[in-house]
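The values are calculated or read from the model by the stated rules, or taken from the named source; none is laboratory data. Values in this document were obtained by computation on a predicted structure and should not be read as measured data. Counting neighbours? That spans all protein chains shown, and the Cβs are built from the backbone with ideal geometry, glycine included.
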Amino acid sequence: MNKYLKTLLMLLTMVQILKAQDKKRILQPNDKALMLISVKTHLEKSYIDLELSKKMNTELDKNFKSNKYEKLTDPSEFAKILTKDLQSVSNDPHLKVRFEPEYISKEKRNSTESLKLESEKKMAMQMAEINYGFTESKILDGNIGYLNLRLFADTKYAEETATAAMNFLSNTNSIIIDLRTNGGGVPSMMQLLSSYFFDETPVLLSEFYERETNAKTQLYSLSNVKGKKFKNKPVYILTSKQTFSAAEALAYTLQHLGKAVVVGETTQGGANRAKRIHLNEEFTMSVPYIKPIHPITKMNWEGKGIQPNIETTEKNAFVYAYLNALNTTFKGKKDVLLNKIGYTFLNEKSVENAIIVFEENTKLFPTSANSWDSLGEAYFIKKDKINALKSYKKALELDPDSESTKAMIKKVENIPSE
């Protein structure tokens, strides 16, 4: 490319950059003032907690008078700061302000029923491409069912997929539902999945209260599902700090109705249902306006999250739930099964989980040389010389004639100390 072409290309690029800068939205003082009025009006009108809405409005007034927002001219940054300020008072992760003029414009274009239906169909097609959040359904060694669910899609479209996943697991002894990466969705999926764990008599799952209309509604389990119900089989729900909204609803509902053991981390704490409001032609606000009330606790998990029955890290939640399920339901040669599971984890390079399984095996079968030998191997792979030696020596004590264990002890002893 000659110098002339390079210079021309550079000039064209600069022109495009300048054009983009010219089009960039710059907020004026009056824009921000009107925005704050709109935010405050909708909070006081619709936010689920009136007193908290007043506190948030007071905070916004204070920040405006102190000129906190004066130098903010970028609309996206302004929305982020407003969200941060509102959440600092409310501790409500559902409450968000967004700069999204394209979304608002699209919403207005799709305002007719036919266009809404078309938009809904497109969304359903996108959901279908990710299997409506049903990422994985499998049967683990020991006949334990495992379901990995990434979102709660509307049962209007996802019921068939949900039914297929649950029916596939229907003959297992126990089920583990993995919600560690589930950010929520719609209540209808929570209702459908919950219904698999109750008999035909409808059970009150939750009551919902809307402050703006002072209305209360109830959500019950379904009498019938398309397939077999689990009823009294043990259920384990895996959670993390990312578990949110409708995913939390399933965990909280089943936990406090005595139908599930929650394993993992305390969840985000977003209980209240939100709606998206157009503040003007450019900004939207997600406003929590309905709160769930559990029939047993008479409260919910808003701002607190769900406290697990078995608290552990996100990484280890699966192995602890799996072990708990096996200890509750498995009737065969458990030492052989646990050894197999431990080596499965080793083959998957999940050494920490393998150690947890092998340690469980040595607790249950303390006189098994093989259990101690396997634990020693896992510690050896982890390069934990002290625990590897301790385990191998215990194995040799139980089986003094094991040449392979003697060889491993020598190998470990020859590892230089760090």
Problem set entry | Residue under evaluation Lys156, criteria (1) basic (Lys, Arg); (2) farther than 28 Å from Thr266 by Cβ; (3) in contact with a strand residue (DSSP E or B) (Cβ under 9 Å, 6 or more places away or on another chain), criterion not met | (3)
Problem set entry | Test: Leu337 is in contact with an Asp or Glu (Cβ under 9 Å, 6 or more places away or on another chain) and under 26 Å from Leu140 (Cβ atoms) | yes
For this session: Restrict the check to the stretch 309-317 and report whether at least one residue is surrounded by 22 or more Cβ atoms within 10 Å (Cβ to Cβ) and of a type in the set (Val, Ile, Thr).
Result: no
Problem set entry | Selection status of Ala124, within 22 Å of the chain's Cα centre (by Cα) and either surrounded by fewer than 19 Cβ atoms within 10 Å (Cβ to Cβ) or at positive phi (or both) | yes
Problem set entry | Unique match (being in contact with a strand residue (DSSP E or B) (Cβ under 8 Å, 6 or more places away or on another chain), closer than 22 Å to His42 by Cα and either in a helix (DSSP H, G or I) or assigned by TED's automatic domain parsing to the domain that holds His42 (or both)) among Val97, Val89 | Val97
Exercise. Do we have Ser245 as at positive phi and modelled with pLDDT of 95 or more here?
Worked result: yes
Exercise. Regarding Tyr132, is this residue of a type outside the set (Gly, Ala, Ser), assigned to a helix (DSSP H, G or I) and surrounded by fewer than 22 Cβ atoms within 10 Å (Cβ to Cβ)?
Worked result: no
Exercise. Given the residues Ser88, Ser195, Ser188, Ser170, which is the only one that is under 27 Å from Pro292 (Cα atoms) and surrounded by fewer than 16 Cβ atoms within 10 Å (Cβ to Cβ)?
Worked result: Ser88
Seminar exercise, completed: By my count, strands (runs of 3 or more DSSP E) wholly in the stretch 219-287 with at least 2 residues that are surrounded by fewer than 18 Cβ atoms within 10 Å (Cβ to Cβ) and of a type in the set (Lys, Arg) are 273-278
Exercise. Can you tell me which of Lys32, Lys40, Lys6 is out of contact with any His (no Cβ under 9 Å at 6 or more places or on another chain), part of a helix (DSSP H, G or I) and modelled with pLDDT under 80?
Worked result: Lys6
Problem set entry | All positions within the stretch 306-353 that are under 26 Å from Lys259 (Cα atoms), part of a helix (DSSP H, G or I) and of a type in the set (Gly, Ala, Ser) | Ala317, Ala321, Ala325
Exercise. Quick check, is Ile415 hydrophobic (A, V, I, L, M, F, W, C) and farther than 27 Å from Tyr322 by Cβ?
Worked result: yes
